[in-house]
Amino acid sequence: MAKNVFDILKERDFIKQVVFEDELYKKLGEEQVTFYIGFDPTADSLHVGHFVQLMAMAHMQKAGHRPIALIGGGTGMVGDPSGRTDMRSLMTAETVNHNCEAFKKQMAKFIDFSDGKALMVNNADWLLKLNYIDFLRDVGSLFSVNRMLTAECYKQRLEKGLTFLEFNYMLMQSYDFLMLFEKYGCSLQLGGDDQWSNILSGADLIRRKLNKPAFALTFSLLTTSEGIKMGKTAKGAVWLDPEKTSPFDFYQYWRNIDDNDVEKCMKLLTFIPVEEIKELTAHKDERMNAAKIRLAYEVTKIVHGQDVADSVMAQVNASFSNDSENMPKKELSSSVTDICDILVATGLTKSRGEARRLVDGGGVKIDDFAVKSDYQLSDEIKQKGSFVLHKGKKVHLLIEIK
């Protein structure tokens, strides 16, 4: 007998909060459930913060359920106040549409949209056509302002001032769930735990307005063992778009995470069986490096494909064996000769100040020689036309002078 997907999500530590758990468990075990997750197009790429939700969708689909990826072409025009201390910048319709198209291409790597196995829907189709008076009478009359103001998603914004524009967001997201229920029989909304108030209000709207069962379930956010959101580096967010975060940098991000976060990330972000994960992460010593390598490879394979993952692995292995033929490469203008400028130009540091501190700490080598912050490229290296730049023990780049 096939395993109930609820059990799969639970043993992999996805589930954070759920309502009507027994009823939902029975439903997931007995029938195909249409469910949805919403993605507001606040950028032109998904990032690792979306990764948990995409993987949950994939697990649900593998278990025979039907995903709806709801692109927020309408809600993106307002902006979600959840987890914000300031108001989001308003985007133009053109920007929102561009970002929606980028999301669609990336999601197809995770979800099978062929033959009606999954749907991709844009809430602009109904939200941008709403008659405001009708909406207030039909939906707004069912919401208590007192109750809304106690919601976690508004608390931070209340301290600095919550705009009426943002205050509408919960109603709009709830209306999305209602529309998807009526159009596609969607009875379950999933999302990150920071969306709990919004998701719960949608399920409540369906139950109150239609007197039909609807369910809400949230996932753990992708955080470190210290509770800090993962997916941020010195260069900024870790994106799923290879043009924004290179597959090599993407791999290295997972390869270098803290030992305490490896088991959690393996459960949430790969399809490795839980029993195997426990074996890989059983020893909290240098053997954890093998688990990190496996994690980085599997995650890179899921996001960028096996060929790219294999290529990155070859580059990584070449870096540690000084195999310059297969080592990751970057070009450098011949006019850049100062070591601090080199580190900034190659993207290994964000500023000269950061570069100077790194060099002074003994963390930089040119070929096999440690350098100081006053180092200038020698004529010999310029004539050779290339050199290997080492940052610490884990970053090794072949620099080609152009």
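The values are calculated or read from the model by the stated rules, or taken from the named source; none is laboratory data. Keep in mind that what you see is a predicted model, and the values were worked out from it rather than measured. Note: ideal-geometry Cβ built from the backbone for every residue, glycine included; neighbour counts use all protein chains shown.
Go through region 281-301 and count every residue that is buried (at least 20 other Cβ atoms within 10 Å of the Cβ) and among the hydrophobic types (A, V, I, L, M, F, W, C).
4
Do you know which residues across region 358-368 are out of contact with any Leu (no Cβ under 9 Å at 6 or more places or on another chain) and either surrounded by fewer than 11 Cβ atoms within 10 Å (Cβ to Cβ) or among the acidic types (Asp, Glu) (or both)?
ASP360, GLY361, ASP368, listed by residue number.
Let's see how each residue does on (1) over 23 Å from PHE167 (Cα atoms); (2) out of contact with any helix residue (DSSP H, G or I) (no Cβ under 9 Å at 6 or more places or on another chain); (3) modelled with pLDDT of 95 or more:
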position: ASP22; (1), (2), (3): yes, yes, yes
position: PRO41; (1), (2), (3): no, no, no
position: ASP80; (1), (2), (3): no, no, no
position: GLN106; (1), (2), (3): yes, no, no
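Can you report the number of residues in region 211-248 which are at pLDDT 90 or above and in a strand (DSSP E or B)?
6
If you go through region 370-389 one residue at a time, how many are closer than 22 Å to GLU331 by Cβ, within 39 Å of the chain's Cα centre (by Cα) and surrounded by fewer than 12 Cβ atoms within 10 Å (Cβ to Cβ)?
1
What are the residues in region 247-271 that are more than 20 Å from THR224 (Cβ to Cβ) and surrounded by fewer than 18 Cβ atoms within 10 Å (Cβ to Cβ), if any? Working first, answer last.
So the first thing to find is which residues in region 247-271 are more than 20 Å from THR224 (Cβ to Cβ), and the list is 247-248, 271.
Listed by number, the list holds a single entry, PHE271.
Of all residues in region 108-155, count the ones that are within 15 Å of SER197 (Cβ to Cβ), in contact with a helix residue (DSSP H, G or I) (Cβ under 8 Å, 6 or more places away or on another chain) and not in a helix (DSSP H, G or I).
3
Suppose we filter GLU31, GLU21 for residues that are free of Cβ contacts under 8 Å to residues at least 24 places away in the same chain, in contact with a strand residue (DSSP E or B) (Cβ under 9 Å, 6 or more places away or on another chain) and more than 23 Å from LYS109 (Cβ to Cβ); which single one remains?
Details: GLU31 fails: in contact with a strand residue (DSSP E or B) (Cβ under 9 Å, 6 or more places away or on another chain).
Being free of Cβ contacts under 8 Å to residues at least 24 places away in the same chain, in contact with a strand residue (DSSP E or B) (Cβ under 9 Å, 6 or more places away or on another chain) and more than 23 Å from LYS109 (Cβ to Cβ) holds for just one of GLU31, GLU21, which is GLU21.
Which one of these does ALA237 not meet: (1) touching a Lys or Arg at 6+ places or on another chain (Cβ under 6 Å); (2) closer than 22 Å to LEU397 by Cβ; (3) surrounded by fewer than 16 Cβ atoms within 10 Å (Cβ to Cβ)?
Answer for ALA237: the failing condition is (1).
For region 25-41, give me the residue count where each residue is closer than 30 Å to GLU94 by Cβ and touching a Ser or Thr at 6+ places or on another chain (Cβ under 9 Å).
Of the residues in region 25-41, 3 are closer than 30 Å to GLU94 by Cβ and touching a Ser or Thr at 6+ places or on another chain (Cβ under 9 Å).
Give me the residue from region 374-391 that is part of a strand (DSSP E or B), hydrophobic (A, V, I, L, M, F, W, C) and touching a Ser or Thr at 6+ places or on another chain (Cβ under 7 Å) and, out of that set, nearest to ASP338 (Cα to Cα).
Only one residue fits best here, namely LEU389.
Tell me which residues, restricted to region 110-139, are closer than 26 Å to PHE271 by Cβ and small (Gly, Ala, Ser).
SER114, GLY116, ALA118
Just give me the residues in region 134-172 being at pLDDT 85 or above, loosely packed, with under 12 Cβ neighbours inside 10 Å and within 27 Å of ASN97 (Cβ to Cβ), in sequence order.
Passing the criteria: only ASP134.
Within region 42-79, restricting attention to residues that are out of contact with any strand residue (DSSP E or B) (no Cβ under 6 Å at 6 or more places or on another chain) and of a type in the set (D, E, K, R), which residue is surrounded by the fewest Cβ atoms within 10 Å (Cβ to Cβ)?
LYS62
Tell me yes or no: at least one residue of region 177-191 is modelled with pLDDT under 90, buried (at least 22 other Cβ atoms within 10 Å of the Cβ) and not small (Gly, Ala, Ser).
Within region 177-191, none of the residues are modelled with pLDDT under 90, buried (at least 22 other Cβ atoms within 10 Å of the Cβ) and not small (Gly, Ala, Ser).
If a residue has to be on the phi > 0 side of the Ramachandran plot and touching a residue at least 60 places away in the same chain (Cβ under 8 Å) to count, how many in region 225-281 make the cut? Let's see the steps before the verdict.
So the first thing to find is which residues in region 225-281 are on the phi > 0 side of the Ramachandran plot, and the list is 227, 231, 236.
From what's left, touching a residue at least 60 places away in the same chain (Cβ under 8 Å): 231.
The qualifying residues number 1.
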